[in-house]
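Report on the structure given below.
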Amino acid sequence: MDEARREIDALGLAASLGAVGSVAAAGGLITARRLSWYDNLEKPGFTPPPAIFGPVWAVLYASQAVAAWLVWRGDAAGGRYDVPALSSYWVQLSLNLAWSLLFFGLRRPAWALLEICVLWVAVAMTIREFARRHRFAAALLLPYLAWVTYAVALNAAIWHRNR
């Protein structure tokens with residue numbers, strides 16, 4: 001691999017990590033401002049301890065960034081870009097942030113429940129699109145889909161207990 005290609009790859013990875021980091025930071029700010037509200041909600045027994053959220057999301061966001069970079073990198077090397085794969089990725093990443101806004105920012109668990117179901121579909125579609133381009137990139141998103149599946153159940157239980 002030539003030096004120019006390595007530089008482009010490094011910049012692409014940095015951009016992918018930066019974009020995901022921005023979404024994570026924005027979601028974190030929204031969430032942090034409403035933690036006292038969340039702490040006072042009635043939650044199901046399968047709610048994880050608060051200390052687990054940060055590490056889990058760090059791994060999930062890093063995996064998303066690397067997965068998107070792998071798809072982009074494969075496309076960039078071939079001189080063509082897979083618009084459906086990368087578009088579905090950006091849609092699901094935007095929906096990820098929207099969930100934080102709805103659930104924590106607006107304190108609307110019912111709206112967030114509807115939105116997270118759409119997010120689940122968007123993540124599944126992104127996995128399908130990534131698998132067409134780079135199987136490992138798609139595999140990197142499977143833990144994220146599992147977490148979103150769990151989050152749907154948690155969101156539903158919280159909404160049901162607090163309506």
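Odds and ends about this structure:
- Which numbered condition Asp2 misses (of (1) surrounded by fewer than 17 Cβ atoms within 10 Å (Cβ to Cβ); (2) closer than 30 Å to Arg108 by Cα; (3) not hydrophobic (A, V, I, L, M, F, W, C)): (2)
- Within the range 5-16, restricting attention to residues that are small (Gly, Ala, Ser) and open to solvent by 30 Å² or more (accessible area, probe 1.4 Å), the residue that is nearest to Pro109 (Cα to Cα) is Ala15.
- Taking residues in the range 67-85 that are modelled with pLDDT under 90 and hydroxyl-bearing (Ser, Thr, Tyr), and partners anywhere that are surrounded by 17 or more Cβ atoms within 10 Å (Cβ to Cβ) and assigned to a helix (DSSP H, G or I), the pairs with Cβ atoms closer than 8 Å and at least 6 places apart or on different chains are Tyr81/Trp72; Tyr81/Asp75.
- Identification of helices (runs of 4 or more DSSP H) wholly contained in the range 69-163 with 3 or more residues that are among the aliphatic types (A, V, I, L, M) and in contact with a Pro (Cβ under 8 Å, 6 or more places away or on another chain) yields 142-162.
- Residue within the range 7-21 that is within 30 Å of Arg161 (Cβ to Cβ), in a helix (DSSP H, G or I) and among the polar types (S, T, N, Q) present: no
- Filtered residues of the range 101-134 (kept if without any contact (Cβ under 8 Å) to a residue 60 or more places away in the chain and among the aromatic types (Phe, Trp, Tyr)): Phe103, Trp111, Trp120
- Top-ranked residue of the range 17-51 - restricted to ones that are modelled with pLDDT under 95 and among the hydroxyl-bearing types (Ser, Thr, Tyr), ranked as least open to solvent (accessible area, probe 1.4 Å): Thr31
- Residue list for the range 136-163, restricted to those being more than 18 Å from Tyr61 (Cα to Cα) and either small (Gly, Ala, Ser) or open to solvent by 50 Å² or more (accessible area, probe 1.4 Å) (or both): Ala153, Ala156, Ala157, Trp159, His160, Arg161, Asn162, Arg163
The values are calculated or read from the model by the stated rules, or taken from the named source; none is laboratory data. Keep in mind that what you see is a predicted model, and the values were worked out from it rather than measured. Glycine also receives a Cβ, built like all others from the backbone with ideal geometry; neighbour counts cover every protein chain displayed. Heads up: the accessible areas ignore ligands, DNA and RNA and are worked out on the full protein's heavy atoms, side chains in. Shrake-Rupley method; radii C 1.70, N 1.55, O 1.52, S 1.80 Å.
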